[in-house]
Amino acid sequence: MMKRIQEMMKPHSLMLVRYASYKPNHKTPVNDLNQTKTFSLTNLRSTTSLCGIDMPEDLESSCAILGPGMVLLKNYININDQAEIVNTCQEFGMGPQGFYQPSYKGGAKLNLHMMCFGRNWDPQTKYDPYYRSDGFQAPPVPDQLISLVESSIQDSQAHDDEIPSMYPDICIVNFYTTTGRLGLHQDRDESQSSRNRGLPVVSISIGDSAQFVYGDSRDVEMANEVLLKSGDVLVFGGKSRHVYHAVKKIIPNSAPLPLLQQSMLRPGRLNLTFRQY
Ligand SMILES: O=C(O)CCC(=O)C(=O)O
Ligand SMILES: [Fe+2]
């Protein structure tokens, strides 16, 4: 539930460039070979078949305080930059270090596709500085995304000065199809020093909206709910660094139509979470 909406502002503008010079570095896959099938974020289809919502071009940004250390910057990223982020993730996501569907120890797969920048994270290995279970190395976090995260933190600090600064050296990119979801959890796999200092997690949403739940306990019935829309940035650090959170549902056909026209993002939701290891 939103506690308060503050000051209106223009959506953030960011110039993203392509990463033509990055050369992936990987070992021969050691296991999970069957997981290296490519997954595309985009699919070419006629513009008349795109299902999304019309958006006023001059929609302003706003801010909601969800709790101590938890700030939602609404409509923070403009459509062009959202489309560039889709392009960047697609470019890396189609490569050998790209999207795959990770699995838990027992073999069950997560209900999403994932790739990482900076360090790989996997439900089984947690953070590995170099290689994920199929042997591929994570590319570095793109500089333009680092700048976007740093600006988001500064803007969130203007609303809550207890949110610490951080340098985003790791990023998990999740793509949820319209049936995707993520169970209630805390983000606890970063270094103890990062977590003890309450260094924030910065989460960017692009595409279809998500019902996101969050709360202080493991009990999902007690959790609050907020809709994360395309272009929103959620920052949780300080006292909320270990908030329980989950993605309950993706709302089909809720992405902005101009984003779909520009990026050809497939139905579903792209989420990037940045952290300092
Ligand atoms: O998709 C989201 O909004 C949350 C993702 C998340 O919690 C995570 O990657 O740890
Ligand atoms: Fe999380």
Report task. Please work out if Gln144 is in a helix (DSSP H, G or I), touching a Leu at 6+ places or on another chain (Cβ under 7 Å) and either among the hydroxyl-bearing types (Ser, Thr, Tyr) or over 23 Å from Ile251 (Cβ atoms) (or both). Result -> yes
Query raised in the report: Which residue out of Leu272, Leu265 is within 14 Å of ligand 2 (Cβ to nearest atom) and in contact with a helix residue (DSSP H, G or I) (Cβ under 9 Å, 6 or more places away or on another chain)?
Result: Leu272
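Taking the range 147-175 as the search range and keeping residues that are among the acidic types (Asp, Glu) and not in a helix (DSSP H, G or I), which one is nearest to the chain's Cα centre (by Cα)?
Only one residue tops the list, namely Asp169.
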Requested in this report: Determine the pairs where a residue that is farther than 20 Å from Leu182 by Cβ and outside any loop (DSSP other than H, G, I, E, B), located within the range 246-263, has a partner that is within 16 Å of ligand 1 (Cβ to nearest atom) and among the β-branched types (Val, Ile, Thr) with Cβ atoms under 9 Å apart, the partner being 6 or more residues away or on another chain.
Outcome: Leu259/Val86; Leu259/Ile206; Gln262/Val86; Ser263/Ile85; Ser263/Val86; Ser263/Ile206
Report task. Kindly indicate whether any position in the range 190-210 is of a type outside the set (Val, Ile, Thr), surrounded by fewer than 16 Cβ atoms within 10 Å (Cβ to Cβ) and within 16 Å of the chain's Cα centre (by Cα). Result -> no
Report summary line: A careful count of residues in the range 43-74 that are touching a helix residue (DSSP H, G or I) at 6+ places or on another chain (Cβ under 7 Å) and modelled with pLDDT under 95 gives 6
**Report entry** Selection count where residues are more than 14 Å from ligand 2 (Cβ to nearest atom) and outside any loop (DSSP other than H, G, I, E, B), scope the range 195-219
**Finding:** 4
Query - Matching residues, the range 119-138, being at pLDDT below 90, assigned to a loop (DSSP other than H, G, I, E, B) and more than 16 Å from Tyr104 (Cβ to Cβ) - result: Pro129, Tyr130, Gly135, Ala138
Query raised in the report: Does Lys239 satisfy being basic (Lys, Arg) and assigned to a strand (DSSP E or B)?
Result: no
Query - All positions within the range 146-194 that are of a type in the set (Val, Ile, Thr), within 25 Å of Gln97 (Cα to Cα) and more than 12 Å from ligand 2 (Cβ to nearest atom) - result: Ile146, Val149, Ile170, Val173, Thr177, Thr178, Thr179
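The values are calculated or read from the model by the stated rules, or taken from the named source; none is laboratory data. Worth saying up front: this structure is predicted, and the values here are computed from it rather than measured. Quick reminder, even Gly has a Cβ in these numbers, built from the backbone with ideal geometry, and neighbours come from all protein chains shown.
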